[in-house]
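The values are calculated or read from the model by the stated rules, or taken from the named source; none is laboratory data. Keep in mind it's a predicted model, so treat the numbers as computed, not measured. Don't worry about glycine lacking a Cβ; one is built from the backbone with ideal geometry, like all the others, and counts go over all protein chains shown. Heavy atoms of the whole protein, side chains included, go into the accessibility calculation; ligands, DNA and RNA do not. Shrake-Rupley method; radii C 1.70, N 1.55, O 1.52, S 1.80 Å.
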Amino acid sequence: MAFANPWIGFALNNAYANRVLYGALGELDSDAFTAPRPGFFGSLAATMNHIYEVDLYYLDALEEGGLGLTVYDRDPVDDVEALGQLQAEADMRFASFCSKLDEAALTREVTTHRPEGARFEAVGAILPHLVQHQVHHRGQAHVQLSHAGIEPPQLDEFFLDYDRAEMAQAYHG
């Protein structure tokens, strides 16, 4: 199914992929979720918290919320179900933002707060960066799931009619 606005398609695919991934993560108890694993962040909990907080950071910039780097001033969430719910809420915020985009909105510049000061980025540059960031770290979570003895789920059966996952239908409307 083609989306007239590709960004809503990417945002909904993102929400779908996170939901499927959290379904697999739900098989882990707290000790397994926080156990040391190979990868940038050293555990599934740290990897998934990183995905969530970077989403919060860029959503704040896109929505011009003014929180900036303070979104990182939070305690990590080590409960799979609680973090999955928070991620789902962030995913729907992203989808809602993308559903309102038009061509002019993509060229609008927003402030991203960096340690060395404010930087301005076009919305149209932030969107692919955020989507790519998610894909990149979900791939790392796949490796970490394998390390935990859980077969990683298929996450790319969303856009094409051929072999589309049944759960993906809910995100297509």
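Quick rundown of the values:
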quantity	calculated
Two-decimal Rg/Rh across the chain, once Rg and the Kirkwood Rh are taken from alpha-carbon atoms	0.97
At R0 = 25 Å, FRET efficiency that the Cβ-Cβ distance of F40 and Q154 yields, to 0.05	0.65
Difference of contour (0.36 nm per residue) and Cα-Cα distance, A82 to A118	9.8 nm
Contour minus Cα-Cα distance for V135 and Y72 (0.36 nm per residue)	20.6 nm
Relative contact order (percent, whole number), the chain, Cα cutoff 8 Å, 6+ residue spacing	34 percent
Spin-label model distance (nm) - F3 vs D29, 7 Å beyond Cα toward Cβ	3.9 nm
Carbon plus sulfur fraction of accessible area for the chain, probe 1.4 Å, in percent	55 percent
Given charges at beta-carbon only (K, R positive; D, E negative), |dipole| of the range 1-102 in Debye	380 debye
Debye, to nearest 20: dipole size of the chain, +1 on Lys, Arg Cβ, -1 on Asp, Glu Cβ	360 debye
Peptides ranked, highest mean first, by Cβ atoms within 10 Å: ranges 153-165, 51-63, 127-139	51-63, 127-139, 153-165
Probe 1.4 Å, protein heavy atoms only - accessible area per residue of the range 1-69 in square angstrom	40 Å²
Segment R164-E103, extension gain: residue separation times 0.36 nm, minus the distance between their alpha carbons	19.1 nm
Whole-Hz ³J(HN,Hα) from phi, Karplus 6.51 cos²θ - 1.76 cosθ + 1.60, for the range 6-13, glycine and proline x	x, 5, 5, x, 5, 5, 6, 4
Residue-by-residue Karplus 3J(HN,Hα) for the range 124-136, coefficients 6.51, -1.76, 1.60, Hz, glycine and proline x	x, 8, 5, 4, x, 4, 5, 5, 5, 4, 4, 4, 4
Amide hydrogen neighbours beyond the local backbone of T112, cut-off 5 Å, H modeled	R119, F120, E121
